[in-house]
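**Q** Sharing a structure with you now.
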Amino acid sequence: MKIILPKTSGFCYGVYLAVKEAENIIEGGKGLIMYGELVHNPDVVAKLEEKGGVTVGSVEEIKDCPRDSIILVRAHGVPKSTERELLATGHAVVDKTCPKVKKVHKTVEEEEKKGRRIIIVGNPHHPEVIGILGQCKGEARVISTAEEAGLADLSGDISVVVQTTFNGKTFEEIREIIGEKNKDAVVYNTMCPATSIRQKEIEELSAKADYVVVLGGKKSSNSMKLCKIAERNTKAVLVEDISEIPLGELEGKERVVVCGGSSTPYDLIESAALYLQRLFGAELVKLEKE
């Protein structure tokens, strides 16, 4: 058996910045309030909470937190209305929205000023998309599938953005339909390059693998997409912890890819790979970044 560890393993830049800021706040002796799960990874969130961080699901919950605590806006970003509510609490607010997501926010704001209607390609229930939608002052629509694009009203002056962690192939399908229905539509590919590269690598590796293990939170959009991409080519499973890996299914396999979403720390992915290496007496192959 060979255990393959992809080049694109570990935190993306936006997640790294958010987690690092959270650690700095705690180390600086201040209380940490994480508005929503800082990242969609239970292991990361649990470790921050063990150090004293508090996760809140609403602005109302913040009233019970110490007055000197700092509110940290997560990498996914929040709607403008939520920003105002957080500032109104009187707590210091540190915005660690991913720079790539911030760019999407700026794009929809600028396009609306031109009088254009906004179309967001993404999962309507994902916090990033909710945050983008919350930047829009006028009518905006979220489209998540090619079928929805085919049925949607895409007439007039429209500008299109996409969730940074969306499935690349699905976006291309939707973009093609939009182009067919409205040749004057302005389409911005706001997918994070790191997400696109990670998805492409897993697509290539899974085509030559017998099994793919994806380490990531069950709420993590990018982790779920990696698993779905891998499933097109081979057997794949998404697990939050090493203990969830179905070891019996790996018996007799020759090439097993162990990867993780952009909110999964490298040490967790590497630990899983080393665990399987020892258990099966396998060869560990760490693909080097070019």
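**Q** Any residue in region 116-123 that is open to solvent by 30 Å² or more (accessible area, probe 1.4 Å), of a type outside the set (F, W, Y) and either in contact with a Leu (Cβ under 8 Å, 6 or more places away or on another chain) or part of a helix (DSSP H, G or I) (or both)?
**A** No.
**Q** Still on this model: Go through region 223-238 and report how many residues are in contact (Cβ under 8 Å) with a residue 60 or more places away in the chain and either hydrophobic (A, V, I, L, M, F, W, C) or crowded, with 24+ Cβ neighbours inside 10 Å (or both).
**A** Total meeting the criteria: 3.
**Q** Examine region 88-97 for a residue that is under 25 Å from R141 (Cβ atoms) and either more than 23 Å from the chain's Cα centre (by Cα) or in a helix (DSSP H, G or I) (or both), and state whether such a residue exists.
**A** No; the residues of region 88-97 include none that is under 25 Å from R141 (Cβ atoms) and either more than 23 Å from the chain's Cα centre (by Cα) or in a helix (DSSP H, G or I) (or both).
**Q** Tell me the residue from R141, R67 that is touching a residue at least 12 places away in the same chain (Cβ under 8 Å) and either in contact with a helix residue (DSSP H, G or I) (Cβ under 6 Å, 6 or more places away or on another chain) or in a strand (DSSP E or B) (or both), please.
**A** R141
**Q** So, G14, is that one under 30 Å from K106 (Cα atoms), modelled with pLDDT of 95 or more and crowded, with 18+ Cβ neighbours inside 10 Å or not?
**A** no
**Q** So which of G179, G156, G150 ends up being open to solvent by 10 Å² or more (accessible area, probe 1.4 Å), in a loop (DSSP other than H, G, I, E, B) and of a type in the set (G, A, S)?
**A** G156
**Q** Out of the residues in region 134-171 meeting the condition of being among the basic types (K, R) and under 26 Å from M224 (Cα atoms), tell me which one is modelled with the highest pLDDT.
**A** R141
**Q** Do you know which residues across region 67-81 are farther than 27 Å from Y16 by Cβ and open to solvent by 70 Å² or more (accessible area, probe 1.4 Å)?
**A** Scanning region 67-81 gives a single hit, R67.
**Q** Now for a different question. Can you find even one residue in region 209-218 that is open to solvent by 10 Å² or more (accessible area, probe 1.4 Å) and at pLDDT 95 or above?
**A** yes
**Q** When the residues of region 124-138 are filtered to those that are assigned to a helix (DSSP H, G or I) and open to solvent by 40 Å² or more (accessible area, probe 1.4 Å), which remaining residue is nearest to G14 (Cα to Cα)?
**A** In this case the residue turns out to be I130.
**Q** Continuing with the same structure: Go through region 1-60 residue by residue and tally those that are of a type outside the set (A, V, I, L, M) and part of a strand (DSSP E or B).
**A** Count: 3.
**Q** In region 83-115, how many are surrounded by 18 or more Cβ atoms within 10 Å (Cβ to Cβ), among the basic types (K, R) and under 25 Å from A149 (Cβ atoms)?
**A** 1
**Q** I've got another one for you. Kindly check whether there is at least one residue in region 189-201 that is basic (K, R) and open to solvent by less than 50 Å² (accessible area, probe 1.4 Å).
**A** For region 189-201, residues basic (K, R) and open to solvent by less than 50 Å² (accessible area, probe 1.4 Å): present.
**Q** Same structure again: Give all pairs with beta carbons closer than 9 Å in which a residue from region 244-261 that is more than 14 Å from E203 (Cα to Cα) meets a residue that is in a loop (DSSP other than H, G, I, E, B) and small (G, A, S); count only pairs at least 6 apart in sequence or on separate chains.
**A** Once the first residue is more than 14 Å from E203 (Cα to Cα) and sits in region 244-261, its partners that are in a loop (DSSP other than H, G, I, E, B) and small (G, A, S) give K253/A209; E254/A209; R255/A209.
**Q** Checking E85 against (1) over 30 Å from G28 (Cα atoms); (2) not in a loop (DSSP other than H, G, I, E, B), only one condition comes out false. Which one?
**A** Against the list (1) over 30 Å from G28 (Cα atoms); (2) not in a loop (DSSP other than H, G, I, E, B), E85 comes up short only on (1).
**Q** Could you say which residue among L274, L279 is open to solvent by 70 Å² or more (accessible area, probe 1.4 Å) and in a helix (DSSP H, G or I)?
**A** That would be L279, the only listed residue that is open to solvent by 70 Å² or more (accessible area, probe 1.4 Å) and in a helix (DSSP H, G or I).
**Q** Moving to a separate point now. State the number of residues belonging to region 128-138 that are free of Cβ contacts under 8 Å to residues at least 40 places away in the same chain and under 15 Å from F171 (Cβ atoms).
**A** Looking only at that region, the number is 1.
The values are calculated or read from the model by the stated rules, or taken from the named source; none is laboratory data. On a predicted model such as this, the values are computed, not experimentally measured, just so you know. No Cβ is skipped: glycine too gets one built from the backbone with ideal geometry, and neighbour counts run over all protein chains shown. Please note that ligands, DNA and RNA were not included when accessible areas were found on the heavy atoms of the full protein model with its side chains. Shrake-Rupley method; radii C 1.70, N 1.55, O 1.52, S 1.80 Å.
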